[in-house]
Amino acid sequence: MALASLAVPLILAGYAALCALSPFGPCRKCRGTGIRTARKTVKACRRCRGQRLRLRIGRRLLNTSRDIQRVGTRPHRPTIRP
């Protein structure tokens, strides 16, 4: 039990470090090729738009929390209405 409770924070810390060092990961839909084959046609992947990389979920959460914190700590500027 103690080992399992220690493993979870270590795994989360490792994933956070991965998201900080390498924010982009391979697209899961096209497996990082950027190409989607549908029957006889070859098209660019709609999910990654042919870029082959997508922003990781952890990095997306980090960016969102950073935006929320920045908006929440913004100094209040009163609006003057005539």
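We did not get these values from a lab; they are worked out from the coordinates using the rules stated. None of these values were measured; they are calculated from a predicted model. Cβ sites come from the backbone with ideal geometry, for glycine too, and all protein chains shown count toward neighbours.
Rounded, prolate or oblate: which fits the chain, taking a ≥ b ≥ c as square roots of the Cα gyration tensor eigenvalues, rounded meaning a/c under 1.5, else prolate when a/b beats b/c? Taking the square roots of the gyration eigenvalues as a ≥ b ≥ c, the chain is oblate.
Across the options Gly58, Ile68, Ala38, the greatest Cα extent toward the positive end of the charge dipole of region 19-72 (unit charges at beta carbon of Lys, Arg, Asp, Glu) belongs to Ala38. Per-residue packing, averaged as other Cβ atoms within 10 Å, sorts the ranges 5-13, 25-33 into the order 25-33, 5-13, beginning with the highest. Taking Cβ-Cβ under 4.7 Å as the only way to count a partner, pick out the unpartnered cysteines of the chain. Singleton cysteines: Cys19. Summing Cβ point charges (Lys, Arg +1; Asp, Glu -1) relative to the Cα centre of region 19-72 gives a dipole of roughly 420 debye.
For the chain, the 222 nm mean residue ellipticity estimated from helices alone, with every DSSP H stretch of n ≥ 4 adding -39500 (n - 2.57) and the total spread over all residues, rounds to -15000 deg cm²/dmol. Computed from phi, the 3J(HN,Hα) profile of region 18-29 under the Karplus parametrisation 6.51, -1.76, 1.60 (θ = phi - 60°) reads 4, 5, 6, 7, 9, x, 10, x, x, 5, 7, 6 Hz, with x in place of Gly and Pro. Compared with the dominant principal axis of the Cα atoms in the chain, helix 57-72 is inclined by about 20°. Label 7 Å along Cα→Cβ of Lys29; region 38-63 residues with amide nitrogen under 20 Å? Taking a point 7 Å out along Cα→Cβ of Lys29, the residues of region 38-63 whose backbone N falls under 20 Å are 38-61.
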